[in-house]
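The values are calculated or read from the model by the stated rules, or taken from the named source; none is laboratory data. What you see is a predicted model, and the numbers here were worked out from it, not measured in a lab. Here Cβ is always computed from backbone atoms with ideal geometry, including for glycine, and neighbour counts include all displayed protein chains. Quick note on the areas: whole protein, heavy atoms, side chains included, nothing else; ligands and nucleic acids left out. Shrake-Rupley method; radii C 1.70, N 1.55, O 1.52, S 1.80 Å.
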Amino acid sequence: MLRVALAVGLLCTGVSPAAAAADRQSRTVALPADRALLIDITIGTIRIEGSDRNTAEIAIERAAPTSEALSRIRVTIEETPSLVSVRAVQADGAMDPSLRTDVVVRLPRAAVVDRVQIAEGRLSIAGFAGRLTAEVHRGPIEGSDVSGTLRLETGIGSVVLTKARLLPNGLLRLRTFNGDVRLTLAERPVDARILALAVNGLIKSDIPLTMRDSWGPRWGEATLGKGEPVISIDVVTGTVELRSP
């Protein structure tokens, strides 16, 4: 069951001055290895925190100028045997910046997050080592202490990962159309295939790359040891920066 607590007033909610109405909903769901999670919001933030738990705790906070406006953010949490779907989107495809949703998910470290989608806002990831596919249309993506299979993309914004690790059969695919990608590895990989592309920008790497940058797009690559797992980084306009001990 959803537990809804309505709080009106800035002192109680701690939300921005434009938001005079807010509420919080939460649910705990089973999230075994064969059950995936999907999260979709319009404007706001999503934070994913991995842990040793075997369930997923989902907390959703909505904020709006009025109680009536709050109802224009539709929240649904649907469960099937193979999928948990969390959606908090504005009605009729609206993109009203005064209507905000913040989601925090604490879940098993090796969980499968099939899709995260944010129209405008921020995605942050911590302590995660499973499978995650995420897209932010406008806004940054940041993560710390991450590994596994991560496909992270933003249209306008940066992608910044720190203390990232490569796992066998893992993948770090980081993309942005307009922004920088900065990847800091926790340890220097023995085995890896590294691919980096900057259509309009620069590539900087602590790991030596074979560069093709005499004209047009910059391209860098390297094969270490077995040539896997893969690091793939693409930017259209921006800088690629790969840091390693």
Give the range 209-218 a look and list any residue that's touching an Asp or Glu at 6+ places or on another chain (Cβ under 7 Å) and surrounded by 14 or more Cβ atoms within 10 Å (Cβ to Cβ), or say none.
Leu209
Hey, could you check the range 212-235 for residues that are of a type in the set (Asp, Glu) and part of a strand (DSSP E or B) and say which is nearest to the chain's Cα centre (by Cα)?
Asp234
Go through the range 61-99 and give me each residue that's part of a loop (DSSP other than H, G, I, E, B) and under 20 Å from Gly139 (Cα atoms).
Ala94, Met95, Asp96, Pro97, Ser98, Leu99
Which one of Pro229, Pro245 is in contact with a strand residue (DSSP E or B) (Cβ under 9 Å, 6 or more places away or on another chain) and either open to solvent by 20 Å² or more (accessible area, probe 1.4 Å) or within 13 Å of Val159 (Cβ to Cβ) (or both)?
Pro245
Has the range 111-129 got at least one residue that is more than 28 Å from Val29 (Cβ to Cβ) and out of contact with any Pro (no Cβ under 7 Å at 6 or more places or on another chain)?
no
In the range 39-71, what count of residues is obtained for those that are open to solvent by 30 Å² or more (accessible area, probe 1.4 Å), within 25 Å of Ala94 (Cα to Cα) and in contact with a strand residue (DSSP E or B) (Cβ under 6 Å, 6 or more places away or on another chain)?
6
Quick one: which strands (runs of 3 or more DSSP E) sit completely within the range 100-208 and have at least 2 residues that are open to solvent by 20 Å² or more (accessible area, probe 1.4 Å) and touching a Leu at 6+ places or on another chain (Cβ under 6 Å)?
112-126
Go through the range 83-96 and give me each residue that's at pLDDT 95 or above and either in contact with a Cys (Cβ under 6 Å, 6 or more places away or on another chain) or open to solvent by 70 Å² or more (accessible area, probe 1.4 Å) (or both).
Arg87, Met95
